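Below is one structure, written out as structure tokens; comments come after it.
The values are calculated or read from the model by the stated rules, or taken from the named source; none is laboratory data. Being a predicted model, the structure only gives us computed values, none of them experimental. Cβ placement follows ideal geometry from the backbone for every residue including glycine, while neighbour counts extend to all protein chains displayed.
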Amino acid sequence: MKKLLLPLAAILLLAVAVPAAFSEAELGIGLSPGSIANPPDPNNVDPILNFHVGWSWSILYLSWDAYAMPDYWVYNNTTYVDPSSGYTIPGYYVPGFLNMFDIGVKILLKPFLLYAEAGPNMLYLRGGTNYGRVGVNARLGAGLKFGFWGINLSGTQVFASTQDLEAAVHQAIHGNWTDLTQGMVPTLNFVIYF
Amino acid sequence: MKMRKLLPLVLLAVGSLFLLSSCDAMLDAIFPSNVINIDVWVSATGHADFLAGGSYENVTLMDSTFAVVANVSEYYSSYDGIYVHYYFSFAKLNNGTYYLTTTYIGQFTGIHPTNGNIYDSSGYFLGNSLTFPDRTLGDTSGHTANIRMLAS
């Protein structure tokens with residue numbers, strides 16, 4: 001946890017230090033390719049829709065993204081092998097919302113935009129329940145901003161735990177970006193700024 | 001600057017999205033997933049040619065405006081000694097009301113009149129339509145209906 005607090009504190013300090021601080025809210029919608037499930041389901045290749053809400057102050061960036069995940073993805077990601085018995089415990093075969101709450105930095109060099117963020121995610125399952133395990137995700141994005149609107153392309157990597165994310169970041173620091181970027185879900189976002 | 005005036009609307013939209021992110025109705029709209037599983041019971045004595053290669057059962061699925069959603073024909077699946085069973089399954093259906101008709105087409109006995117009566121899986125008469133979500137005919141999610149129909 002300490003390892004995560006340090007970069008967060010650094011981001012906050014940087015945000016305070018930048019003199020021309022301004023705040024900006026944003027609302028967006030995005031699409032990801034449907035064949036991102038592992039393994040992909042050939043019968044379910046419709047694009048995945050996501051809703052985006054963000055707020056930035058200086059370079060500090062907070063966002064919430066809700067990805068509408070299809071049933072086969074939820075099943076693959078909630079099925080696990082019980083370590084004590086060795087049996088495979090089947091997951092939930094229902095669609096759900098993967099809600100990602102992230103904090104990071106957003107750098108605007110008009111009209112170019114770059115951002116990087118990480119945070120926890122929770123999976124809501126249709127029927128009124130949240131999946132018990134809280135995951136972690138990291139996102140890198142780049143795009144263009146034209147006045148009150150913009151488009152950007154992001155890549156999101158979902159991790160099962162903070163330990164997995166820390167290990168991936170550690171590897172990236174040492175030059176191996178594979179764990180951080182391999183399997184990233186690309187998303188094309190359309191954003192309106194306020 | 002004009003966009004700033006829309007901030008209350010933005011906050012409203014954000015609040016709505018937060019509510020919708022845990023809203024089944026929104027997921028249902030994005031992923032229509034209702035399923036109707038039908039077991040059509042056909043009396044073997046009244047439809048003696050069910051084994052013939054040219055005999056089959058036809059089921060037509062219609063929406064609330066009676067527009068045809070699907071029209072499927074199947075050969076017999078099983079025979080319990082009294083009734084012949086034909087199984088049908090319609091998936092990825094939106095919420096709403098559906099009507100069904102079933103028709104037996106015998107190779108030698110010809111077309112038997114359509115029947116739109118729907119029963120639950122224990123044989124209790126339900127009427128001639130079903131509406132999703134329905135939490136009585138399948139699992140508690142309300143997205144599966146297991147029904148029985150009787151061919152005329």
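Given the condition more than 14 Å from chain A (Cβ to nearest Cβ), loosely packed, with under 15 Cβ neighbours inside 10 Å, at positive phi and part of a loop (DSSP other than H, G, I, E, B), answer yes or no: does some residue in segment B:27-50 qualify?
No: zero hits.
Just checking, how many residues over segment A:69-88 are surrounded by fewer than 20 Cβ atoms within 10 Å (Cβ to Cβ), assigned to a strand (DSSP E or B) and not hydroxyl-bearing (Ser, Thr, Tyr)?
Initial filter on segment A:69-88 (surrounded by fewer than 20 Cβ atoms within 10 Å (Cβ to Cβ)): A:72, A:75-76, A:78-88.
Filter once more, so that each one left must be assigned to a strand (DSSP E or B): A:80-81, A:88.
Subsequent filtering for residues that are not hydroxyl-bearing (Ser, Thr, Tyr) retains A:81.
Result for segment A:69-88: 1.
Need the failing condition index for B:TYR99 against (1) farther than 20 Å from B:TRP41 by Cβ; (2) at pLDDT 95 or above, just the number.
B:TYR99 satisfies every listed condition except (1).
Kindly provide the set of residues from segment A:59-90 that are more than 14 Å from chain B (Cβ to nearest Cβ), touching a helix residue (DSSP H, G or I) at 6+ places or on another chain (Cβ under 8 Å) and closer than 29 Å to B:HIS143 by Cα, ordered by number. Steps first, please.
Kept after step one, since they are more than 14 Å from chain B (Cβ to nearest Cβ), are these residues of segment A:59-90: A:59-61, A:76-90.
Retained after the next criterion (residues that are touching a helix residue (DSSP H, G or I) at 6+ places or on another chain (Cβ under 8 Å)): A:59-60, A:90.
A:PRO90, the sole residue that qualifies.
Determine, yes or no, whether B:GLY53 is buried (at least 16 other Cβ atoms within 10 Å of the Cβ) and not aromatic (Phe, Trp, Tyr).
Numbers: buried (at least 16 other Cβ atoms within 10 Å of the Cβ): no; not aromatic (Phe, Trp, Tyr): yes.
No.
Looking at segment B:101-129, which of its residues are out of contact with any helix residue (DSSP H, G or I) (no Cβ under 8 Å at 6 or more places or on another chain), touching a residue at least 40 places away in the same chain (Cβ under 8 Å) and more than 17 Å from B:ASN71 (Cα to Cα)?
The one that is out of contact with any helix residue (DSSP H, G or I) (no Cβ under 8 Å at 6 or more places or on another chain), touching a residue at least 40 places away in the same chain (Cβ under 8 Å) and more than 17 Å from B:ASN71 (Cα to Cα): B:SER121.
Name the residue that is modelled with the highest pLDDT, counting only residues in segment A:89-118 that are over 12 Å from the mean Cα position of the chain (by Cα), under 22 Å from A:LEU188 (Cβ atoms) and surrounded by 21 or more Cβ atoms within 10 Å (Cβ to Cβ). Walk me through how you get there before you give the answer.
Taking segment A:89-118 first, the residues over 12 Å from the mean Cα position of the chain (by Cα) are A:89-97, A:105-114.
This time we only want the ones that are under 22 Å from A:LEU188 (Cβ atoms), so: A:95-97, A:105-114.
Retained after the next criterion (residues that are surrounded by 21 or more Cβ atoms within 10 Å (Cβ to Cβ)): A:95-97, A:106.
Numbers: A:PRO95: 87, A:GLY96: 90, A:PHE97: 91, A:LYS106: 95.
Checked segment A:89-118; the qualifying residue modelled with the highest pLDDT is A:LYS106.
For the structure I just gave you, tell me whether A:ASN121 is in contact with a strand residue (DSSP E or B) (Cβ under 9 Å, 6 or more places away or on another chain), of a type outside the set (A, V, I, L, M, F, W, C) and away from chain B (no Cβ under 14 Å). Write out each step before concluding.
Numbers: in contact with a strand residue (DSSP E or B) (Cβ under 9 Å, 6 or more places away or on another chain): yes; of a type outside the set (A, V, I, L, M, F, W, C): yes; away from chain B (no Cβ under 14 Å): no.
So A:ASN121 does not fit the description; no.
Pull up segment A:159-168, narrow it to residues that are crowded, with 16+ Cβ neighbours inside 10 Å and touching a helix residue (DSSP H, G or I) at 6+ places or on another chain (Cβ under 8 Å), then point me to the one that is farthest from A:ARG133 (Cα to Cα). It would help to see each step written out before you state the result.
Within segment A:159-168, the first condition is being crowded, with 16+ Cβ neighbours inside 10 Å, and the residues that meet it are A:159, A:162, A:165, A:168.
Filter once more, so that each one left must be touching a helix residue (DSSP H, G or I) at 6+ places or on another chain (Cβ under 8 Å): A:159, A:162, A:168.
On the way: A:PHE159: 11, A:THR162: 12, A:ALA168: 19 Å.
The qualifying residue farthest from A:ARG133 (Cα to Cα) is A:ALA168.
Taking segment A:135-194 only, how many residues are within 14 Å of another protein chain (Cβ to nearest Cβ) and part of a loop (DSSP other than H, G, I, E, B)?
Kept after step one, since they are within 14 Å of another protein chain (Cβ to nearest Cβ), are these residues of segment A:135-194: A:145-150, A:191-194.
If we keep only those that are part of a loop (DSSP other than H, G, I, E, B) as well, we get A:147-148, A:194.
The qualifying residues number 3.
Does segment B:67-96 hold any residues that are among the hydrophobic types (A, V, I, L, M, F, W, C) and modelled with pLDDT under 90, and which are they? Explain how you work it out, then say what you get.
Taking segment B:67-96 and keeping what is among the hydrophobic types (A, V, I, L, M, F, W, C), we get B:67-70, B:72, B:82, B:84, B:88, B:90-91, B:93.
Of everything in segment B:67-96, those that are among the hydrophobic types (A, V, I, L, M, F, W, C) and modelled with pLDDT under 90 turn out to be B:ALA91, B:LEU93.
Which one of these is modelled with pLDDT under 90 and not aliphatic (A, V, I, L, M): B:GLY54, B:GLY116? Steps first, answer last, please.
Values: B:GLY116 fails: modelled with pLDDT under 90.
From the options B:GLY54, B:GLY116, the qualifying one is B:GLY54.
Does A:VAL105 fit the bill of being within 19 Å of B:HIS143 (Cβ to Cβ) and touching a residue at least 24 places away in the same chain (Cβ under 8 Å)? Write out each step before concluding.
Working: within 19 Å of B:HIS143 (Cβ to Cβ): no; touching a residue at least 24 places away in the same chain (Cβ under 8 Å): yes.
Judged against the criteria, A:VAL105 is not a match.
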